[in-house]
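*Asks:* Below you will find the structure I want to go over with you.
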Amino acid sequence: MESEAEYYYTIGKASTAEFKDRGSRFLAFANPVVTREQFKIQLQLLKKEHPKAAHHCFAYRIGWQGLDFRMSDDGEPSGSAGRPIMGQLESRQLVDTSVIVVRYFGGTLLGVPGLINAYKSAAAMALQTVPVIRKPIEWEYALDFDYTLTNDVMRIIRQSQGRMISQEHQLFSQIRVGLPRAQVALALEKFRELQGLTVKRINVQQN
């Protein structure tokens, strides 16, 4: 049986949804995101597409542990927008995911409880319509080796279900690979059997 601790959950594609309350429209946009820079681009694009919106509130969680996160009320009462959106990401255990909710004010004040419900509902609706995918937690390694070892190294990577991140082959080869957490111990054992191969962990993450 596979250990759930070896995987994380994210969304497979972008999705949108709309929630209405007393004239106000809340447009939710859920997107896969892996860096803060990528999120900033998403946010700027939505601000250009909806320049007349009253608020552009959001939350995101990045990294398989969700340690890189942020939320914003963008002028709404404190805790009435970003926190409810973040709550939907957390309740679904989603990471590498952002949700931006664009609000068009309808002329009637909703109050903090109404805002919390609206932002929560809009985010939930967007996330309900998109497939959740499970991905293996990866540890990344840099491999340096004589080019004559290429076939052996590639075989171990394939057997370990590793993901090639980058590779450069000259007299000495350099490969950056992501190894599924469940396969790391066995892969490293096999790598140690190869003379002339140097293995270095590049992204030390918390277990």
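The values are calculated or read from the model by the stated rules, or taken from the named source; none is laboratory data. Values in this document were obtained by computation on a predicted structure and should not be read as measured data. No Cβ is skipped: glycine too gets one built from the backbone with ideal geometry, and neighbour counts run over all protein chains shown.
*Asks:* Taking Lys13 and the conditions (1) free of Cβ contacts under 8 Å to residues at least 40 places away in the same chain; (2) within 17 Å of the chain's Cα centre (by Cα), which numbered condition does it fall short on, given that it satisfies the others?
*Replies:* Every condition holds for Lys13 apart from (1).
*Asks:* So Met71 clears everything in (1) touching a residue at least 24 places away in the same chain (Cβ under 8 Å); (2) of a type outside the set (Phe, Trp, Tyr); (3) in a strand (DSSP E or B) except one condition, right? Which one?
*Replies:* (1)
*Asks:* Out of the range 4-25, which residues are within 16 Å of Thr129 (Cα to Cα) and in a strand (DSSP E or B)?
*Replies:* Tyr9, Thr10, Ile11, Ser15, Thr16, Ala17, Glu18, Phe19, listed by residue number.
*Asks:* Which is assigned to a loop (DSSP other than H, G, I, E, B) and modelled with pLDDT of 95 or more, of Pro84, Pro51?
*Replies:* Result of the check over Pro84, Pro51: Pro51.
*Asks:* Looking only at the range 2-48, filter to residues that are modelled with pLDDT under 95 and of a type in the set (A, V, I, L, M); which one of those is surrounded by the fewest Cβ atoms within 10 Å (Cβ to Cβ)?
*Replies:* Among residues in the range 2-48 that are modelled with pLDDT under 95 and of a type in the set (A, V, I, L, M), the one surrounded by the fewest Cβ atoms within 10 Å (Cβ to Cβ) is Ala5.
*Asks:* So, in the range 18-50, exactly how many residues are closer than 25 Å to Gly63 by Cα and touching a residue at least 40 places away in the same chain (Cβ under 8 Å)?
*Replies:* Total satisfying the criteria: 11.
*Asks:* I'd like the full set of residues that are in contact with a helix residue (DSSP H, G or I) (Cβ under 8 Å, 6 or more places away or on another chain), touching a residue at least 24 places away in the same chain (Cβ under 8 Å) and under 18 Å from Lys135 (Cβ atoms), limited to the range 158-182.
*Replies:* Ser160, Gln161, Gly162, Val177, Leu179, Pro180, Arg181, Ala182, listed by residue number.
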